[in-house]
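The values are calculated or read from the model by the stated rules, or taken from the named source; none is laboratory data. None of these values were measured; they are calculated from a predicted model. Quick reminder, even Gly has a Cβ in these numbers, built from the backbone with ideal geometry, and neighbours come from all protein chains shown.
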Amino acid sequence: MQETQRLAVELPGLSLKNPIIAASGTCGYGQEAAKKYNLNHLGSLVLKSTTLHPRQGNPRPRVCETSAGWLNANGLQNVGITVATNEKIPWLRKNYPQLPIIASAAGFSEDEYVKVVSEFANTAGVKAIELNVSCPNVKHGGMAMGTDPEVLQRLVKQVVKAARGIPIYVK
Ligand SMILES: Cc1cc2nc3c(=O)[nH]c(=O)nc-3n(C[C@H](O)[C@H](O)[C@H](O)COP(=O)(O)O)c2cc1C
């Protein structure tokens, strides 16, 4: 068996040539990382979590070295769904047509997630959508979406509908 086939993995609704996936946010939307690394070596790239509107993120410094590694609190800085779908994803598709893109949706209400997922699902090149459910739910006291099973179940149901067949992975 060829090395490339041996490393191939099947995820629900998604075939990757290897299991190396850049975690959400660690490579932004790929443009900066592409200056240092050949993105074609990746199995997939999860994009920066994207909200309906652009966000500046937290004031700097946002990262702090610790004895065990580092802590970061970036505050979900991102370009917003319009720039992500009109500029960032088309750039990746043009330059890395073989790279399966996993988009990452974030939001501060269920409605916002549904809108963001719906836009991603409409964008050519998006092979799966990750749901970042660590965002605070502003309508429910600011607790992270993923901490309340009922909220999470409702959210996932709505989002799966909005994704129209594109696989949803909950993070
Ligand atoms: C600079 C930076 C930005 C990140 N941005 C996001 C993000 O936008 N969405 C998300 O779900 N996770 C984000 N993360 C978390 C990573 O995706 C990952 O879950 C985290 O680094 C833990 O993985 P590790 O234990 O392998 O470091 C970010 C992490 C870093 C270091």
Problem set entry | Hits in segment 45-60 (condition: within 13 Å of the ligand (Cβ to nearest atom) and surrounded by fewer than 21 Cβ atoms within 10 Å (Cβ to Cβ)) | 55, 57, 58, 60
Exercise. Taking segment 129-144 only, how many residues are touching a residue at least 24 places away in the same chain (Cβ under 8 Å) and either crowded, with 21+ Cβ neighbours inside 10 Å or within 12 Å of the ligand (Cβ to nearest atom) (or both)?
Worked result: 8
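Table: residues versus (1) loosely packed, with under 13 Cβ neighbours inside 10 Å; (2) closer than 25 Å to residue 121 by Cβ; (3) at pLDDT 95 or above.
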position	(1), (2), (3)
10	yes, yes, yes
65	yes, no, yes
76	no, yes, no
94	yes, yes, yes
Problem set entry | Top-ranked residue in segment 96-112 [being within 19 Å of residue 57 (Cβ to Cβ) and surrounded by 20 or more Cβ atoms within 10 Å (Cβ to Cβ); ranked as nearest to the chain's Cα centre (by Cα)] | 104
Problem set entry | Residues of segment 21-58 satisfying the condition of being free of Cβ contacts under 8 Å to residues at least 24 places away in the same chain, of a type in the set (A, V, I, L, M) and not in a loop (DSSP other than H, G, I, E, B) | 33
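Only one of 170, 160 is surrounded by 13 or more Cβ atoms within 10 Å (Cβ to Cβ) and touching a residue at least 24 places away in the same chain (Cβ under 8 Å); which?
On the way: 160 fails: touching a residue at least 24 places away in the same chain (Cβ under 8 Å).
Criteria check complete, one pass: 170.
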